[in-house]
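So the structure is just underneath, and the comments pick up after that.
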Amino acid sequence: MNLNPQYSVIVPVYNSEESLSELLDGIRSVFHQMDKTFEVIFVEDCSKDKSWEVLNALKAGFSENITAVKLSKNFGQHNALLCGFSFAKGDFIITIDDDLQTPPAEIVKLIECYSKSSPDMVYGCYADNQHSRIRRIGSASIKKSSRLFRKTLDRGSSFRLIRAELVQKLLLHQQYFIFLDEVLQWYTSDIAMVEVRHEKRKYNRTNYSSGKILKLVADLLFFYTTIPLKLLVYGGFTLSLVSFAIGLHYIFKKVFLNVPIPGYTSLIVAILFSTSIILFSLGVIGEYLSRIYSVQNRKPPYSIKKIV
């Protein structure tokens with residue numbers, strides 16, 4: 001294996017036994033044509049098919065360029081990439097999916113885009129997204145919410161070129177759930193984008209079901225935003241104001257209109273005020289608990305079972 005390759009290509013692998021050989025051939029062809037040194041790091045995320053056996057065969061045939069890492073359980077795409085980053089030795093790290101929807105030949109566009117302005121990161125953006133409808137809706141929802149609530153980019157993809165210095169900063173984040181695009185944009189705004197081809201899936205079906213996308217959205221909300229807590233706080237505060245107005249209404253009726261139901265006014269005012277105060281208090285407590293939980297949560301982002 002090259003001790004100091006110019007490029008490290010990291011591929012998270014899940015149920016993709018049919019596409020791995022073709023993917024590797026495409027990657028090798030690109031770098032050989034460009035006369036660049038490279039390595040390929042496959043991170044097998046506990047697949048249910050024979051992906052690991054295929055990777056072992058590829059490693060036997062091209063041992064100088066390949067590292068294959070098998071995780072002990074399914075940790076998800078972003079955690080698998082984080083694992084791959086820890087093995088990368090290149091000056092630039094390229095991430096690409098295992099499904100061939102982004103042709104390896106498009107790597108050239110990432111490198112050419114970087115050579116023009118030397119940004120910290122280059123995203124390959126799809127002119128004609130060929131993902132399934134569910135995947136497209138989920139991705140669009142995540143990106144739009146990122147732009148709305150966290151002022152981050154609403155474009156991007158899993159096809160990226162990243163400077164090694166930026167990847168080293170990512171490795172400091174060892175929490176159980178990590179969303180790379182969010183963390184990357186904590187460190188830099190020097191991001192370029194280039195349009196790349198996106199083709200229809202050749203093998204199998206997408207591994208992103210509607211349930212997984214919903215879980216990802218929920219994780220993003222709770223790990224990287226305080227939106228649910230803020231809604232609780234602002235909702236409690238708003239309800240307090242509404243309750244106060246309603247309370248004044250019933251007090252007015254009691255004092256000036258002599259409502260004939262004894263005890264009703266005091267009861268409704270007490271219930272409304274106490275409920276709103278409880279909601280507001282829960283929101284404040286939740287703000288503190290979310291921060292304590294983030295600090296104390298020590299679950300590993302990945303666990304390695306085998307390396308070849």
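The values are calculated or read from the model by the stated rules, or taken from the named source; none is laboratory data. Given the structure is predicted, the values throughout are model-derived calculations rather than measurements. Glycine also receives a Cβ, built like all others from the backbone with ideal geometry; neighbour counts cover every protein chain displayed. Surface areas here come from the heavy atoms of the whole protein model, side chains and all, with no ligands, DNA or RNA. Shrake-Rupley method; radii C 1.70, N 1.55, O 1.52, S 1.80 Å.
Observations on the model:
- Where a residue in region 163-178 is modelled with pLDDT of 90 or more and its partner, wherever it lies, is buried (at least 16 other Cβ atoms within 10 Å of the Cβ) and among the charged types (D, E, K, R), with Cβ under 6 Å and at least six apart: Arg163/Asp120; Leu166/Asp120
- Pairs linking a residue in region 97-118 that is without any contact (Cβ under 8 Å) to a residue 60 or more places away in the chain to a residue that is of a type outside the set (A, V, I, L, M, F, W, C) and loosely packed, with under 15 Cβ neighbours inside 10 Å, with Cβ atoms under 8 Å and 6 or more positions apart or on different chains, do not occur.
- Residue in region 46-55 that is assigned to a helix (DSSP H, G or I) and among the hydroxyl-bearing types (Ser, Thr, Tyr) present: yes
- Of all residues in region 31-45, exactly one satisfies the criterion of being open to solvent by less than 20 Å² (accessible area, probe 1.4 Å) and in a helix (DSSP H, G or I), namely Phe31.
- Some residue of region 97-108 being among the polar types (S, T, N, Q) and either at pLDDT below 95 or open to solvent by 10 Å² or more (accessible area, probe 1.4 Å) (or both): yes
- The residue that is farthest from the chain's Cα centre (by Cα), among those in region 78-93 that are open to solvent by less than 20 Å² (accessible area, probe 1.4 Å) and farther than 18 Å from Asp45 by Cα, is Gly90.
- For the residues Ile134, Ile93, the requirement of being modelled with pLDDT of 95 or more, not acidic (Asp, Glu) and not in a loop (DSSP other than H, G, I, E, B) singles out Ile93.
- Residues that are out of contact with any strand residue (DSSP E or B) (no Cβ under 8 Å at 6 or more places or on another chain) and under 25 Å from Ser157 (Cα atoms) were ranked within region 50-77; the one that is surrounded by the fewest Cβ atoms within 10 Å (Cβ to Cβ) is Lys73.
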